[in-house]
1. Right, Asp273: crowded, with 23+ Cβ neighbours inside 10 Å, of a type outside the set (Val, Ile, Thr) and closer than 27 Å to Thr463 by Cβ or not?
2. Please state which of the following conditions Ile83 fails to meet, knowing it meets all the rest: (1) touching a residue at least 24 places away in the same chain (Cβ under 8 Å); (2) under 24 Å from the mean Cα position of the chain (by Cα); (3) buried (at least 17 other Cβ atoms within 10 Å of the Cβ); (4) part of a helix (DSSP H, G or I).
3. When you scan the stretch 208-221, how many residues do you find that are assigned to a loop (DSSP other than H, G, I, E, B) and either under 30 Å from Ser305 (Cβ atoms) or not hydroxyl-bearing (Ser, Thr, Tyr) (or both)?
4. Which residues, taken from the stretch 398-416, are within 14 Å of Ala441 (Cβ to Cβ) and out of contact with any Phe, Trp or Tyr (no Cβ under 7 Å at 6 or more places or on another chain)?
5. Taking Ser233, is it surrounded by fewer than 18 Cβ atoms within 10 Å (Cβ to Cβ), among the polar types (S, T, N, Q) and more than 21 Å from the chain's Cα centre (by Cα)?
6. For the stretch 307-318, state whether one or more residues are in contact with a Phe, Trp or Tyr (Cβ under 8 Å, 6 or more places away or on another chain) and under 24 Å from Thr183 (Cα atoms).
7. Mind checking whether some residue in the stretch 183-198 is of a type in the set (Gly, Ala, Ser), surrounded by 24 or more Cβ atoms within 10 Å (Cβ to Cβ) and not assigned by TED's automatic domain parsing to the domain that holds Gln288?
8. For the stretch 7-48: of the residues being touching a Gly at 6+ places or on another chain (Cβ under 7 Å) and in a strand (DSSP E or B), which is surrounded by the most Cβ atoms within 10 Å (Cβ to Cβ)?
Amino acid sequence: MSQLHSYLQDQWVTGTGAGRALVDATTGDTVATASTEGLDLKMAMEHGRNVGGPVLRAMTFAERGAVLKRMSEVIHENREALIVASRQGGTTRGDAKFDIDGASATLSYYAYLSRSLGDRTFLLDGKAENVLRSARFVAQHIFVPRHGVAVHINAFNFPAWGMAEKAAVSLLAGVPVVTKPGTATCLLTVKVVECWVNAVILPEGALQLVTGSIGDLLDHVGPQDCVAFTGGSKTAKVVRGHHAVVANNCRVNIEADSLNASILGPDVEVGSDTWWMFINQLSTDLTQKCGQKCTAVRRIFVPESLADAVVEALIEKLNDVVIGNPGDKGTNIGPVSSPSQQRSVVAGIASLSAAADLVWQAENVPEGGCFVRPSLFRSDKGAHTEYVHEHEVFGPVATILTWAGNASEVVSMVAQGGGGLVCSVYSDKRKWSSEVILGLAPWHGRIHWGSKKVHDQSPGPGTVLPNLVHGGPGKAGGGEELGGVRGLQFYWQRTAIQGDCGLLDKILD
């Protein structure tokens, strides 16, 4: 059994002690351990600030982008080996490609974006503005990289993509990264970083990796540092309330729970292009990554008149799903990623069974490992199905909720989820769709509108795109990342500089 190492101060180091176990999600066998015991995380933070920061800030956007481009290429060059490493977390080949290719594509996008930012090290925010009535005394807002470290605490479900999307934005912004992946699946994260280190493409101090528990890492954040967290709401509260984070007013971005909704409009006809777009994208969300996506649909809102047809169509789709060893050809769903996730999903299914009617559950699910039974529920109690509107079961599980067809009614029901990352609306009626979409916009970071005109053009609501914002209000954490240049602003300081217009032009040109 191997002990995974961390990459700190530009060298590989191994913690002491027993550490935390990583299991093969298919067999349940322990395959590795990871530990931060004995590691000097304070020195790692200082190394990022004192070495990585100055190196990155001296580079132009184009030079930073060139690093991201090469990071993307290295992932692609090692794609097959990374797919094999991903198997430890229970992912099928298709799921592994979704994660690994997502990482590569996001890095590539931000490398491309760097071309539009110019051959400079900071960015102007708009044009100079006159101060009072003076023609010469003006003010110019600028964005400059913060002189700290970006601490990235990532979730277990996307060990490659989750790390890469945060790192791409931070590095292009000019801020070094200390990344801490979810331990259960960090074997893949380690393999990706190994590929980058072996390719000698990372600027000194630009990226460090912590495997195992978070240890005392947050004890050492300062006023110029940033913390970006993805994970459960309970842990998010701990991160946000950490004494050093609070004392130093450390900037924090949170992506937490999300009871994502999918809404079928009352105008949609059974068998139409919009209908099948709705059914197919639901099926994908229930099966891809074994339902372990922060953007997966948890609540399916269907007009009462269409509910029986939706249940029938979904069951027909789901009955074709093959659950088994993710290494076997033809397997659609493997296990969830860890024993703790298995326990959580099983408990969630039991709680849902008391709140809603079970209309479908997979059969022939393998024994052992971290397998769960994909399940579909239905409730005709709408807003009164409290558990469904309050708790996310993070696995291949969703609930159909019926409603009368009134736009304001469904907006109110969806809002009971307390805020989400993404909501999808399927309708060809502009007036009805407008009322629903604009009503739901304050509650979501992204809204996906499916209709007959785009039925064959959308990647689905479950795909996070680097040029669109990812995050959501309320229960979803209140954060926002990605979104092209918008994502860089989290790592920058916006400063207004007042002075003579001629002198400002010279220093800011």
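1. No; evaluated as a whole, the condition is false for this residue.
2. (1)
3. The qualifying residues number 6.
4. If the condition is that a residue be within 14 Å of Ala441 (Cβ to Cβ) and out of contact with any Phe, Trp or Tyr (no Cβ under 7 Å at 6 or more places or on another chain), then Val411 is the only one that fits.
5. no
6. The answer is no, given that none of the residues of the stretch 307-318 is in contact with a Phe, Trp or Tyr (Cβ under 8 Å, 6 or more places away or on another chain) and under 24 Å from Thr183 (Cα atoms).
7. Yes: one or more hits.
8. Checked the stretch 7-48; the qualifying residue surrounded by the most Cβ atoms within 10 Å (Cβ to Cβ) is Ala34.
The values are calculated or read from the model by the stated rules, or taken from the named source; none is laboratory data. Keep in mind the model is a prediction, meaning the values are calculated, not measured. Methodologically, a virtual Cβ is constructed for each residue, glycine included, from the backbone with ideal geometry; neighbour enumeration extends over all protein chains shown.
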